[in-house]
Structure formats: structure tokens, C-alpha cells
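Working notes, beginning with the structure itself.
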Amino acid sequence: MAVDYTTHDGVAVITLNNPPVNGLGLSTRAGIVEGLERAQNDPAIKAIVLTGAGKAFSGGADITEFNTPKATQEPTLHTVIKAVEGSAKPVVAAIHSVAMGGGLELALGAHYRIAAHGAQIALPEVKLGILPGAGGTQHLPRAIGLEAALNMMVSGAPVMSEKLAGSGLFDDVVEGNLAEAALAFARKVGAQTGPHPKVRDRKIEHANAEGFIQFTRNTVGAMAKNFPAPLKCIDAVEAGVKNGFDKGLAFERECFVALVQTPESHALRHAFFGERAASKIPDVPSDTPVREIKQVAVIGAGTMGGGIAMNFINAGLPVTLLETKQEALDRGLATIRKNYEATVKKGKLKPEALEQRMALITPTLSYDDLKHADLIVEAVFEELGVKEQVFKRLDEVAKPGAILASNTSTLDVDKIAAFTKRPQDVVGMHFFSPANVMKLLEVVRGKETAKDVLATVMQLAKKIKKTAVVSGVCDGFIGNRMIEQYIRQALFMLEEGALPAQVDKAIEKFGFAMGPFRMSDLAGNDIGWAIRKRRYLEHPDMHYSKIADRLCETGRFGQKTGSGWYDYKAGDRTAYPSKLVDEMIVGYSQETGAQRRKISDAEIVERLVFALTNEGAKILEEGIASKASDIDMVYLTGYGFPLYRGGPMLYADTVGLYNVERAIRGYAARANGDAWQLAPSIAALAEKGRGFNG
Ligand code: 3H9
């Protein structure tokens, strides 16, 4: 039963009861209408309270119903809200916690609203690529004013109920028992004669509504490039301001129907569910007991170790920070302090909080100080020999049951685990740089990693606000293994006729935050060089362009040396195309006999993105990732893949795997075609007319 109906001394209480968040799916909607009718037909009932059970009043429309027949089946949310509004007996919405999207729109249809302190109020539809489609664009400006309403809609950000007290949205915001307050309020208004107030009858008061709308449009237009929904919110509000509630409502509906079918909305919804799905590991049940993590230790106070430590400190967990030399430790601590000082300067952290956070760090030079840690994360030099020393030492000092994590980005976690007598406690925690900022955490599951270790790390990831994705053991794990194929294609294209700026521009226009050459200059070209040198030994048969090695041989390691694929000026991170490098590239093509040709931007995008997709498909085939959305989450949160395209796997689905297969087969038949080994699953899915995501 998605809705409960009870009576309390003349008041009917309709309680949404559709866990986890009281989504307004078909059965919930039908239940509300049924409850309203029951209350109308009972002469003993004088007023109605509409409320929610569990952790939300309502999280809004049921997103899983979008683009399915249920979404439009009566009673639609519009019908429900109309029934609430039209109730002859007053309806009081009692909001004890989250009221979002359709949930807030439902409450706006009620005659009265009261909320508990701390309730989260939002119209977050833009985050799903849509606009509030059940009257929110018309009701909210009438409830809290044009400016505040537009802010809430275009940002989608939640606002605490107490901040909205006195805004016109709530009749009361209470600190005590909301249920009792709601019943008392309902009895009071139930004794009054109607008609009861409707938000739709209020006026939108603003001295210069059109001017403000235009101002918002200009600001949002510049910020929301590639995301159509925020501008549509403004259009819908404007329609209501100019033409009145009903016409505004009709226009809002039109916009909603169009937006819900856009690839941007599809991508954003994919990311919403992908993020939640990533935390679920197929063979690790959600009720797996977790180990308690009260003390953390981080080995290595360099950029990575320091950033990792900050994550735990920010979550209030004490961290023991270990280095081998006092000066390295001092340097690490100074960098952490500097980072926090910058946050204080931006006004995002109180000065006293800075000291509190620093006080959570215990610096040490001794492994013996790690014996109380529940989790130890190693962030030392990326070499197996160094890791061996560290893990052997950890095996001696760590307490039984402590989780031993490696931040390795490419090394074999099973080999690292084998350095200890407790491989079941060893796991990879691959943070991305800067570790205190980047959302992604690849959790690398060794063949012996215990299930409760995985469950603990996934839970901890939530606490430190990371998107954690589980990867099996392979070279580069999910993210770096795929990026290698992407970089390989980028380099081949230089040989075949493109220049770095053209490649970067094409993929940045597609939506990547940074093209491969600017990215490489930022990370340091020597890093890729070191990896390639290892590859040449491990995979002598694998074909790489040597063009990047040439660049490195000249000492152009990127921004840190003032030159790389591009030229840089002191104190300026702008990448200026380098004549010297461009000539070197053309010279290299001539030397190797490569026929330079004009490469289109479309080809650049296809080769880079499909290289990711193809490797991603192999990663799925091998079970390194358990679902396609995990791969997309890695790319959306760690590699700057454009959010509005949903990741390399969803993008391939959007293009159609038949087309992806054809493109890959085409590239495989051309120069450097040996780099394209079509993943069998792409062909198999294409034949069935399916995609990675169904
Ligand atoms: C809308 O309302 C359109 C209308 O304007 C017009 C209609 C005509 N639907 O996040 P959590 C699931 S659009 C379906 O981990 P929390 C979620 O997938 C909607 N499912 O919990 C997860 O499932 P699972 C506008 C939903 O406590 C579980 O609930 N509303 C929905 O950290 C727990 O989620 C939004 O955009 C939904 N609407 O946070 C709000 N919401 O357990 C989106 C959640 O299987 N939701 N689920 O993985 C949120 O922001 C958070 O979920 C919320 C709770 C703050 C509510």
C-alpha cells in the first residue's frame, strides 16, 4: 500500500508510504486521490493532513517511470494536485523532511503548508535535465517571490525550511512535534469557513519582473551551456508572468514533455542512477557487516598523501600522517595548511575550523604509531619494490582487522596483497589528483579482498563524499586502462595529419573539460613516458606512436618545464600552440613515411571516444567492471567526460552500437588500424539491436 489513510478526531491524515523516498509513482498518486475522496465523503472529517512516512515527505515524481506509460497514466501528478487544490475541505501539507520536485509541487497545491525545522526543500529537476512539470514554475514564484523562486529552480539546490520561514511558502515552521502541530493546525482551519486559499490565486509581485527575468536569462545562459533545462525554467516562469497561471502551466507542460526526451536529460538521469548503482556490488549484499573506522593513517605526505588525508580530516576522522623524513613531513603539513587557508580566504571555511582540522592530524616518522589505525592508506612512490617494503612493514605493525589500502594507479593489487599475510584485508583505493577535490575513487578489489572490507570502503567513500566505483585488478584499472587507448589514438592522429591544438579543440568542443594534449602537459608528459617505457618491455608487440617519446627526449614535460605539446609563459597556464612542436610532428610523419591528410573534427571525436567505449566493452567482458554505468561514472567524475553526454558507454548507446561497430571496423582497415580490436560484445549487442544499458 503506497498511501495510508487514518482519521484523528475530525482530521483525515493521508500518509505517503512508498519507500525509500515516497516517489509519486502511479500507485502513490492513485492512493492520494482515493484518500481525498474518502475524506470528502466522510461528514465527520473537517480537514485533511497530507504527509509522508519515512525519510521524506516526497522526493518527487518517480523518475523510473519517465518515458513509460505509467508516467502519463491517470491520475497524473497534475490531476492529483488539482484534486488537492479543489478539495472542499482544507488540505494541510505537513513536511517533516525532504520535499523535492513533484513533492514540493504537491505541497504547493495544498491550501496550507507547515514544515519541521531542517526539512530540505527543492525543485531539483534541472539536475535531471528537466523543469518542474507539475506547476512548480507557476506556484513557487507566487509563494516565495520571483527572484527566490528562479534561484531555486535554475540551481536545483535545496534550501532549509527554516530559511524559508516567513517567505510565504509555509504557514508555520515548527521545531517540536510536527504531526501534532499539523493536526492542531488542521483542526483550526477545519473550523473556518472556506474557500481556503490557493497559491495559484496569489499575484507575482515584482517591481521589474521582465528586467529581472532577462537578467537571469543572460546569467544562466552563459553558465548552462549544453544544458537546456535551466533556460526553459526561465521561459516557463516568464510565460506565467506575462500570460497568467493557466497559460504558464500549459507552457510548462509543453517544455517538460520536450525536455524529458532530450539526450541531456537521459544522460543526467543515467548519472543519477549510475551514482547510486555504483555503490552496489553484485555479490556483496547491502547488509554485509562493516568494520568500524575511527582512526585512519596515511603513508606519504606528498601531494597525493596530503590530499587523501584531507578527505578524512574533512569528515572528522583523525589521521596519522607518516613520512620517512622530517622535512618531507613538515612540507606536507604546510601544504595541507595552505590548502585550508585558501578555503578560509574564499569564505568556505571558518578560521577556527582550520585549526580544528589541523589538530586532527598526528604527524609521525614511526610505523609504530600506525598500530591503532583501522584503515591505512599507502600513497608512496609508484614502484612495486617500494610498495613491497611498505606492505611488509604494515603487516608487522597494523592491528588485526585493519584495512590496508594502496593508492596505486597501475600496479597489481594482488601482488601488493601477497606481500602481507593478510591479503583479505588489502584493497586498492585509487584517488585522483587533487585527491581532496576530485569526486572519483576507484576501489580495486583484489582476488582475496574480503567482502566486509569492500563494504566498509564503499560506506566510507560516501562519508568522504566520493563517488566510489569498484574495479577488478588489471593494468590501469578501469579509468587509466581506457585512457591509454584514447591517448594512443590521439598520438596516431598526430602522425596521420592532425596537430595538438586541433585534436584538443575538437574534443573540447564535444564537451571534454580538457583535450589529451593540454591534459598531458598539465599532468606531466614524463609520467606517460615512464608508463610507455614499461609497456614497450611488457608488450613489445603492441604498436605505439613514438611521437610523444620524441617530445619528451627534448625535455618538454609540460607546464612544469614551461613547455610541452604547447608553449607556456611564466605565470600563465594558457596553452600557446608551438611552431617548434608542430614542425617536429610534420617532420616525424615524413621520417616514418606516414601520409599526412586532413583529419576532420568528427573523426577526431569518434576515434577518441570510441577508443574509450571499445576498451570499456572489453573491461565489461572481463568482469573488471560489473556494469556499464560504473564505467560511465568513472569517466564523468574522474576524466572530465561531458556530463550531458552521460559517459562513453551511454554515448555509444545514443549513437547506436551498430554505428559504433561500423566506425571501428572502418578505422581498423586504415593506417594504424591494428590498434582497433573490436570488442566482441559490441558486435553481439549491435546484432541484437541492444546497447550497453539495455
Ligand atoms: C519530478 O519531480 C518531476 C516533476 O516536476 C514533474 C512530474 C510530472 N524517483 O539518493 P538516495 C531512489 S522529477 C525514483 O540514495 P538519500 C534512489 O534511486 C524528481 N527513485 O537517498 C535510491 O534508490 P536505490 C525530482 C528515487 O537519502 C533511493 O531512492 N526529484 C527518487 O541520500 C535512495 O536515494 C529529485 O530530483 C525519485 N524521485 O537522498 C530528487 N529519488 O536505493 C532526487 C530517490 O535503489 N532524489 N530515488 O539506489 C534525491 O535528491 C535524493 O534521493 C533524496 C534522498 C534527497 C530524495
key: Residue in the stretch 599-628 that is surrounded by the most Cβ atoms within 10 Å (Cβ to Cβ), counting only those that are small (Gly, Ala, Ser) and over 10 Å from Met649 (Cβ atoms)   = Ala611
message = Please count how many residues of the stretch 363-399 are open to solvent by less than 10 Å² (accessible area, probe 1.4 Å) and under 29 Å from the mean Cα position of the chain (by Cα).
response = 4
message = Tell me whether the stretch 4-14 contains one or more residues that are within 16 Å of the ligand (Cβ to nearest atom), crowded, with 19+ Cβ neighbours inside 10 Å and at pLDDT 95 or above.
response = no
task = Pick out, from the stretch 34-135, the helices (runs of 4 or more DSSP H) lying fully within it that include 3 or more residues that are within 8 Å of the ligand (Cβ to nearest atom) and open to solvent by less than 10 Å² (accessible area, probe 1.4 Å).
result = 102-109
message = So, in the stretch 126-184, exactly how many residues are among the hydrophobic types (A, V, I, L, M, F, W, C), in contact (Cβ under 8 Å) with a residue 60 or more places away in the chain and farther than 30 Å from Thr6 by Cβ?
response = 9
message = Just the residues that are surrounded by fewer than 19 Cβ atoms within 10 Å (Cβ to Cβ) and in contact with a Phe, Trp or Tyr (Cβ under 7 Å, 6 or more places away or on another chain), please, taken from the stretch 220-245.
response = Asn226
remark   = Taking first residues from the stretch 242-271 that are farther than 15 Å from Ile63 by Cα and second residues anywhere that are assigned to a helix (DSSP H, G or I) and near the ligand (Cβ under 10 Å from one of its atoms), the pairs with Cβ under 9 Å that are 6 or more apart or on different chains are Gly248/Thr137; Leu249/His78; Leu249/Thr137; Phe251/Thr137; Glu252/Gly136; Glu252/Thr137; Arg253/His78; Cys255/Thr137
ask   = Taking the stretch 147-189 as the region of interest, how many residues are under 28 Å from the mean Cα position of the chain (by Cα) and part of a loop (DSSP other than H, G, I, E, B)?
value = 3
key: Elements of type helices (runs of 4 or more DSSP H) contained in the stretch 519-598, each with 3 or more residues being open to solvent by less than 80 Å² (accessible area, probe 1.4 Å) and in contact (Cβ under 8 Å) with a residue 40 or more places away in the chain   = 525-538, 579-592
note = (1) within 19 Å of Val91 (Cα to Cα); (2) surrounded by fewer than 24 Cβ atoms within 10 Å (Cβ to Cβ) all hold for Gly145 apart from (1)
request  = Starting from the stretch 64-79, keep only residues that are outside the structural domain of Gly102 (by TED's automatic domain parsing) and without any contact (Cβ under 8 Å) to a residue 40 or more places away in the chain, then list their pairs with residues that are open to solvent by 90 Å² or more (accessible area, probe 1.4 Å) and near the ligand (Cβ under 9 Å from one of its atoms) whose Cβ atoms are within a distance under 9 Å, requiring at least 6 positions of separation or different chains.
outcome  = none
note = For Phe692, the lone unmet condition from (1) closer than 24 Å to Gly446 by Cα; (2) not in a helix (DSSP H, G or I) is (1)
note = Selection from the stretch 629-638 of residues open to solvent by less than 10 Å² (accessible area, probe 1.4 Å) and either out of contact with any strand residue (DSSP E or B) (no Cβ under 7 Å at 6 or more places or on another chain) or not assigned by TED's automatic domain parsing to the domain that holds Gln485 (or both) yields Ile631, Asp632, Tyr635
message = Residues that are modelled with pLDDT of 90 or more and assigned by TED's automatic domain parsing to the domain that holds Tyr486: does the stretch 533-543 have at least one?
response = no
ask   = Taking Gly86, is it without any contact (Cβ under 8 Å) to a residue 12 or more places away in the chain and closer than 21 Å to His139 by Cα?
value = yes
note = the stretch 228-325: helices (runs of 4 or more DSSP H) wholly inside it with 3 or more residues that are touching a helix residue (DSSP H, G or I) at 6+ places or on another chain (Cβ under 9 Å), modelled with pLDDT of 95 or more and farther than 26 Å from Ala148 by Cβ are 263-278, 303-314
inquiry  = Please go through the stretch 197-227 and give me each residue that is under 27 Å from Glu85 (Cα atoms), part of a helix (DSSP H, G or I) and of a type outside the set (Val, Ile, Thr), ordered by number.
reply    = Arg200, Asp201, Ala209
query = What number goes with the only condition from (1) surrounded by fewer than 19 Cβ atoms within 10 Å (Cβ to Cβ); (2) touching a strand residue (DSSP E or B) at 6+ places or on another chain (Cβ under 6 Å) that Lys509 does not pass?
reply = (2)
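The values are calculated or read from the model by the stated rules, or taken from the named source; none is laboratory data. Computed from a prediction, not measured in an experiment: that's the story for all the values here. Positions of Cβ are backbone-derived with ideal geometry, glycine not excepted, and every protein chain shown enters the neighbour counts. In case anyone asks, the SASA skips ligands and DNA or RNA and just uses the protein heavy atoms, side chains included. Shrake-Rupley method; radii C 1.70, N 1.55, O 1.52, S 1.80 Å.
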